[in-house]
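For reference, the structure is listed below as structure tokens.
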Amino acid sequence: MSTLNPYEGFLDGRALETILAATPAEIGRLIEAAGPAKVMTSPAPGKWSAAEIVCHLADCEVVFAFRLRQTLAEDAPTIQPFDQEKWAATYRGVPASQALDVFSALRGWNLRLIGGALPAAAARPVIHPERGTMTFLTLVETMAGHDLNHLGQLRRLAQ
């Protein structure tokens, strides 16, 4: 597994844009399959509910949106890590449907940017203080692997 993309092992060989474009509908399908009560229920103490996972995905899409744009606009910018657990402190009680609406809108906006930037911008460098020098393409790969990781969690919670 790459230290630049900790989610590389989740990539399944499909085109990155295919994975990224399919994620919002798949989240919707999974939260519907789980049902309203199960979506809001934590599977174990200290573990996120399905709704909280969707909130996390929406927050991460905000982060990726900024990182992608910063990488295109600046020369080798340093991106800011964030503490996902601290951000998650605000998730309790947020409906999964609301988080999915935010995620879907941002994902559409990000896909538009990615589609216009690749392949020309693939090698543009970006520095992650904990992971090292990455590229625009590494950010996109990280997004796709992150999606697949959390979709797996949502599938397990929906069962």
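The values are calculated or read from the model by the stated rules, or taken from the named source; none is laboratory data. All values reported here derive from a predicted model rather than from experimental measurement. Here Cβ is always computed from backbone atoms with ideal geometry, including for glycine, and neighbour counts include all displayed protein chains.
Any chance you could count how many residues in the range 106-159 are closer than 15 Å to PRO24 by Cα and outside any helix (DSSP H, G or I)?
So the count comes out to 0.
Among the residues of the range 6-45, write down those that are part of a helix (DSSP H, G or I) and either hydroxyl-bearing (Ser, Thr, Tyr) or on the phi > 0 side of the Ramachandran plot (or both).
THR18, THR23, listed by residue number.
Just checking, how many residues over the range 17-37 are surrounded by 18 or more Cβ atoms within 10 Å (Cβ to Cβ) and under 18 Å from LEU139 (Cβ atoms)? Don't jump to the end; show me each part of the working.
Within the range 17-37, the first condition is being surrounded by 18 or more Cβ atoms within 10 Å (Cβ to Cβ), and the residues that meet it are 19-20, 23-24, 27, 30-31, 34.
Still in the running and under 18 Å from LEU139 (Cβ atoms): 19-20, 23.
Final tally of qualifying residues: 3.
Please go through the range 126-159 and give me each residue that is charged (D, E, K, R), within 13 Å of the chain's Cα centre (by Cα) and either over 30 Å from GLY35 (Cβ atoms) or modelled with pLDDT under 95 (or both), ordered by number. Reasoning before the result, please.
Kept after step one, since they are charged (D, E, K, R), are these residues of the range 126-159: 130-131, 141, 147, 155-156.
Filter once more, keeping what is within 13 Å of the chain's Cα centre (by Cα): 141, 147.
Once the filter is applied, which keeps residues that are charged (D, E, K, R), within 13 Å of the chain's Cα centre (by Cα) and either over 30 Å from GLY35 (Cβ atoms) or modelled with pLDDT under 95 (or both), the range 126-159 yields only GLU141.
Which condition number in (1) among the charged types (D, E, K, R); (2) surrounded by 15 or more Cβ atoms within 10 Å (Cβ to Cβ); (3) more than 22 Å from ILE27 (Cβ to Cβ) is the one that ARG67 fails?
Of the numbered conditions (1) among the charged types (D, E, K, R); (2) surrounded by 15 or more Cβ atoms within 10 Å (Cβ to Cβ); (3) more than 22 Å from ILE27 (Cβ to Cβ), the odd one out for ARG67 is (3).
Evaluate the range 41-64: report whether one residue or more is loosely packed, with under 14 Cβ neighbours inside 10 Å and closer than 18 Å to THR133 by Cβ.
no
Quick one: would you say ILE127 is in contact with a His (Cβ under 7 Å, 6 or more places away or on another chain) and farther than 30 Å from ARG155 by Cα?
On the way: in contact with a His (Cβ under 7 Å, 6 or more places away or on another chain): no; farther than 30 Å from ARG155 by Cα: yes.
No.
Output the number of the condition that ARG155 fails; it satisfies all remaining conditions of (1) over 21 Å from LEU11 (Cα atoms); (2) touching a residue at least 12 places away in the same chain (Cβ under 8 Å); (3) in contact with a helix residue (DSSP H, G or I) (Cβ under 8 Å, 6 or more places away or on another chain).
In the conditions (1) over 21 Å from LEU11 (Cα atoms); (2) touching a residue at least 12 places away in the same chain (Cβ under 8 Å); (3) in contact with a helix residue (DSSP H, G or I) (Cβ under 8 Å, 6 or more places away or on another chain), ARG155 misses (1) alone.
Could you look through the range 95-110, keep only residues that are surrounded by 17 or more Cβ atoms within 10 Å (Cβ to Cβ) and not polar (S, T, N, Q), and pick out the one that is nearest to GLU17 (Cα to Cα)?
Residues of the range 95-110 that are surrounded by 17 or more Cβ atoms within 10 Å (Cβ to Cβ), as a first pass: 96, 99-100, 102-104, 106-107, 110.
Those still in the list that are not polar (S, T, N, Q) too: 96, 99-100, 102-103, 106-107.
Working: ALA96: 24, ALA99: 21, LEU100: 19, VAL102: 19, PHE103: 16, LEU106: 14, ARG107: 11 Å.
So the residue we want is ARG107.
What is the one condition in (1) out of contact with any Phe, Trp or Tyr (no Cβ under 6 Å at 6 or more places or on another chain); (2) touching a residue at least 24 places away in the same chain (Cβ under 8 Å) that GLY145 does not satisfy?
Every listed condition holds for GLY145 apart from (1).
Using beta carbons and a limit of 7 Å, which pairs, at least six apart or on different chains, have the first residue in the range 83-102 and in a loop (DSSP other than H, G, I, E, B) and the second one surrounded by 15 or more Cβ atoms within 10 Å (Cβ to Cβ)?
So the pair list comes out as TYR91/GLU52; TYR91/CYS55; VAL94/ALA51; VAL94/CYS55; PRO95/ALA51.
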